[in-house]
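S.K.: A single structure is presented below for examination.
The values are calculated or read from the model by the stated rules, or taken from the named source; none is laboratory data. As the structure is a prediction and not an experimental result, all values here were calculated from the model. Cβ placement follows ideal geometry from the backbone for every residue including glycine, while neighbour counts extend to all protein chains displayed.
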Amino acid sequence: MRMNLEYGFNNESLPKFKEYKIKEINNIKYVVPKILKENMSNYSLIDFDDYKEDDKPLIDFINLGKLSLEEKENTDSLVIEYVNKYGLLGLIHDFPVNRYYTLEKEVLLKEFNYINNKDYFTTIELIEYFKIFFPTTTEEEIKKLIEKINKFIYEHSMEKFISPEINNLIYKNEKYCERVNMIIKYAQFMYNTLKELKKDNGEYIDTREINKLESNHIRVNLEYDGLTIHIRSLKEYIDEDFKLYAIQEKKYLKLCKHCGKAFIASNPKAIYDTFSCKNQENVYNSRARLSSNVTKTKNGLTVKVTPSEELSNELLKNPEKN
Ligand SMILES: [Zn+2]
């Protein structure tokens, strides 16, 4: 069966700013657009068509999760590096259960959201919800923005015209930003989910974690030769692309046996992401064979140290010292 990811119904790109930076607002770290020059276009586009072959937005995101677990001190720069390449995730669309949440006074949040960190439904007032993503915008401005969004919803007779216009209003807005900890949490979740999926038979698999990768309000259309999944944000792209790989056994989303990074394998037997990883692993293996004192561990090679003869004799003579 063929499955297709299509962005925004009638185009395949998403607005993003050229550059982003980290900014602390109300003691919370945010990724905010960098305004390079006034009166100049500060945004560009991410075109999902460019990544049809290599799925880089997905792979880099999983590896962002991995690296942020290992290099906690570099988290900010890792996040900026990712967002500069692909833009913000579009999380504002992701937490509400209702696709057109702006039409309501209160937003129903899905179980697994990063706002209250509880695993059950909650509601939040619409204005308060917008403040999470527009922390420097006044309440009046937020109300105007919501009015504009709703006008688009009422104006159009076909849903496919609504998403691109709402996305322009939100993602081209200089004041739209996302919290660093939400981005990181989600990246780590994706990395951990892939790790769970890649466990061998017999190992304990935490299916509860895997189940958290759910989609709300994603439209799926039947086509003459398969299904088309319509996505509206980078977050939805990552989720759906991930799921497509996860369910297709022949597809090859894997973790490198040497460095542990995610990659797309070109054949089902491939276990390393790069030639250099394969090479290094071979070197380790052949070195390990050279001496019985050398054992291979996850972090490389461990050499077993045996005490010298003098020291051994010393220890044998004075056993009480041990
Ligand atoms: Zn590797």
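S.K.: Hey, can you tell me all the residues within the stretch 195-204 that are surrounded by 15 or more Cβ atoms within 10 Å (Cβ to Cβ) and either more than 20 Å from residue 57 (Cβ to Cβ) or not assigned by TED's automatic domain parsing to the domain that holds residue 71 (or both)?
M.R.: Hit for the stretch 195-204 is 196, nothing else.
S.K.: Here is a follow-up. Restricting to the stretch 255-282, name every residue that is among the small types (Gly, Ala, Ser) and over 21 Å from the mean Cα position of the chain (by Cα).
M.R.: We begin by selecting, within the stretch 255-282, every residue among the small types (Gly, Ala, Ser); these are 260, 262, 265-266, 270, 276.
Those that are among the small types (Gly, Ala, Ser) and over 21 Å from the mean Cα position of the chain (by Cα): 266, 270, 276.
S.K.: What do you reckon, is residue 214 more than 16 Å from the ligand (Cβ to nearest atom) and either touching a residue at least 60 places away in the same chain (Cβ under 8 Å) or of a type in the set (S, T, N, Q) (or both)? Talk me through it step by step, then tell me what you get.
M.R.: Working: more than 16 Å from the ligand (Cβ to nearest atom): yes; either touching a residue at least 60 places away in the same chain (Cβ under 8 Å) or of a type in the set (S, T, N, Q) (or both): yes.
Yes: the conditions hold for residue 214.
Residue-by-condition table, conditions (1) in contact with a strand residue (DSSP E or B) (Cβ under 9 Å, 6 or more places away or on another chain); (2) over 16 Å from residue 65 (Cα atoms); (3) surrounded by 14 or more Cβ atoms within 10 Å (Cβ to Cβ):
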{"residue": "149", "(1), (2), (3)": "no, yes, yes"}
{"residue": "155", "(1), (2), (3)": "no, yes, no"}
{"residue": "163", "(1), (2), (3)": "yes, yes, yes"}
{"residue": "166", "(1), (2), (3)": "no, yes, yes"}
{"residue": "176", "(1), (2), (3)": "yes, yes, yes"}
{"residue": "179", "(1), (2), (3)": "yes, no, yes"}
{"residue": "193", "(1), (2), (3)": "no, no, yes"}
{"residue": "206", "(1), (2), (3)": "no, yes, no"}
{"residue": "221", "(1), (2), (3)": "yes, yes, no"}
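S.K.: Kindly establish whether residue 175 is touching a residue at least 24 places away in the same chain (Cβ under 8 Å) and part of a loop (DSSP other than H, G, I, E, B). Walk me through it before giving the result.
M.R.: Numbers: touching a residue at least 24 places away in the same chain (Cβ under 8 Å): yes; part of a loop (DSSP other than H, G, I, E, B): yes.
Spelling it out, residue 175 is indeed touching a residue at least 24 places away in the same chain (Cβ under 8 Å) and part of a loop (DSSP other than H, G, I, E, B).
S.K.: Is it the case that some residue within the stretch 120-130 is in the same structural domain as residue 216 (by TED's automatic domain parsing), assigned to a strand (DSSP E or B) and not hydroxyl-bearing (Ser, Thr, Tyr)? It would help to see each step written out before you state the result.
M.R.: Here is the first cut: in the stretch 120-130, the residues in the same structural domain as residue 216 (by TED's automatic domain parsing) are 120-130.
Going one step further and asking which of them are assigned to a strand (DSSP E or B), we end up with 122-125.
Remaining after also requiring not hydroxyl-bearing (Ser, Thr, Tyr): 124-125.
Yes: one or more hits.
S.K.: Restricting attention to the stretch 42-66, which residues are part of a loop (DSSP other than H, G, I, E, B) and modelled with pLDDT of 80 or more? Write out each step before concluding.
M.R.: Taking the stretch 42-66 first, the residues part of a loop (DSSP other than H, G, I, E, B) are 42, 52-55.
Answer for the stretch 42-66, where residues must be part of a loop (DSSP other than H, G, I, E, B) and modelled with pLDDT of 80 or more: 54, 55.
S.K.: Could you tell me how many of the residues in the stretch 83-98 are buried (at least 17 other Cβ atoms within 10 Å of the Cβ) and not in a helix (DSSP H, G or I)?
M.R.: Kept after step one, since they are buried (at least 17 other Cβ atoms within 10 Å of the Cβ), are these residues of the stretch 83-98: 83, 86-96.
Checking which are not in a helix (DSSP H, G or I) leaves us with 87-90, 94-96.
Result for the stretch 83-98: 7.
S.K.: Which of the following residues is within 16 Å of the ligand (Cβ to nearest atom), within 19 Å of the chain's Cα centre (by Cα) and of a type in the set (Phe, Trp, Tyr): 191, 245, 186?
M.R.: Numbers: 245 fails: within 16 Å of the ligand (Cβ to nearest atom); 186 fails: within 16 Å of the ligand (Cβ to nearest atom).
On inspection, the qualifying residue turns out to be 191.
S.K.: Moving to a separate point now. Can you run down the residue pairs with Cβ atoms below 8 Å, 6 or more apart or on separate chains, where the first is in the stretch 252-266 and assigned to a loop (DSSP other than H, G, I, E, B) and the partner is near the ligand (Cβ under 10 Å from one of its atoms) and of a type in the set (Gly, Ala, Ser)?
M.R.: Listed pairs, sorted by first residue: 256/262.
S.K.: How many residues are at pLDDT 90 or above and more than 10 Å from the ligand (Cβ to nearest atom) if we restrict to the stretch 249-307?
M.R.: Adding up the residues that qualify gives 1.
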